[in-house]
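For reference, the structure is listed below as structure tokens.
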Amino acid sequence: MFPTNLYAAEKFSKLEVTSVPCIGLLEGMGLRSGTRVMVQNRYALGGPVLLRVEDAYSVALGKDIAVQIGVVKV
């Protein structure tokens, strides 16, 4: 279980969030420490990351935010 950031995580990997930048919108999306997510897709050329959050819903995050979110593989 090596820590990494959300943008660097492999596609279809199941992850647990370990750190989140202090941005209120992220908490509103349910992204906080301990949340389980799966990377559904990472779009080319620095595009967004599409996540499945807690097997409930999907959200897309830009690269600039995704690199600030720490995760570990579960």
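Throughout, read-outs are computed from the coordinates displayed, never taken from laboratory work. Predicted model only: the values in this text are computed from it and were never measured. All Cβ positions, glycine included, derive from the backbone under ideal geometry; neighbour counts span all protein chains shown.
Of all residues in region 8-64, how many are assigned to a strand (DSSP E or B) and out of contact with any strand residue (DSSP E or B) (no Cβ under 7 Å at 6 or more places or on another chain)?
Going residue by residue through region 8-64, those that are assigned to a strand (DSSP E or B) are 14-19, 36-42, 49-53, 57-61.
Checking the rest, the ones that are also out of contact with any strand residue (DSSP E or B) (no Cβ under 7 Å at 6 or more places or on another chain) come to 57.
Of the residues in that region, 1 qualify.
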- Identify, by number, the condition in (1) hydroxyl-bearing (Ser, Thr, Tyr); (2) surrounded by 12 or more Cβ atoms within 10 Å (Cβ to Cβ); (3) out of contact with any Leu (no Cβ under 9 Å at 6 or more places or on another chain) that Tyr7 doesn't meet. (3)
